[in-house]
Amino acid sequence: MIKKEEKFFVIKQSDIDEFYDRHLSTSFPAFLDDKAEQVSKWLTFLIADINKERIRDNKKIDNKYIVCNQDEPYAELVWQIILQGERDKELRRMIKIYQNQVYGKV
């Protein structure tokens, strides 16, 4: 049986871009010699600093993701399920707005 496990980490591209604009040029750990160590340490620093920024911006830092390999035969089905979930979420948001306008705060 396949079990869920945390094998990957996901960093939101906009978090990296925003963080880079704010801090990266001054906080890159240039003191590291080994390239693999540099990348590992840099990512550790990056994630910690992004989390600090997300806390500062009142954003959640402990998001969890399910990663699907795009080469799998079921990947398109997974993508369609995700898209349907997003459409459902938007529909619920619109219904709530409508209800608030018609009936007052629900």
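For the range 41-60, a residue qualifies if it is surrounded by 10 or more Cβ atoms within 10 Å (Cβ to Cβ), in a helix (DSSP H, G or I) and among the charged types (D, E, K, R), and the qualifying residues are Lys41, Asp49, Lys52, Glu53, Arg54.
Residues that are surrounded by 10 or more Cβ atoms within 10 Å (Cβ to Cβ), part of a helix (DSSP H, G or I) and at pLDDT 80 or above are absent from the range 32-40. Scanning the range 71-95 for residues that are among the aliphatic types (A, V, I, L, M) and either touching a Ser or Thr at 6+ places or on another chain (Cβ under 6 Å) or more than 29 Å from Lys105 (Cα to Cα) (or both) returns Ala75, Leu77, Val78, Ile81, Ile82.
Does Val106 satisfy the condition of being at pLDDT below 90 and either surrounded by 10 or more Cβ atoms within 10 Å (Cβ to Cβ) or part of a loop (DSSP other than H, G, I, E, B) (or both)? Here the answer is yes, as Val106 does meet what is asked. Can you pull out the residues in the range 61-84 that are among the charged types (D, E, K, R), more than 16 Å from the chain's Cα centre (by Cα) and either assigned to a helix (DSSP H, G or I) or exposed (fewer than 10 other Cβ atoms within 10 Å of the Cβ) (or both)? Hits for the range 61-84 are Asp71, Glu76.
The values are calculated or read from the model by the stated rules, or taken from the named source; none is laboratory data. Source: prediction; values computed, not measured. Methodologically, a virtual Cβ is constructed for each residue, glycine included, from the backbone with ideal geometry; neighbour enumeration extends over all protein chains shown.
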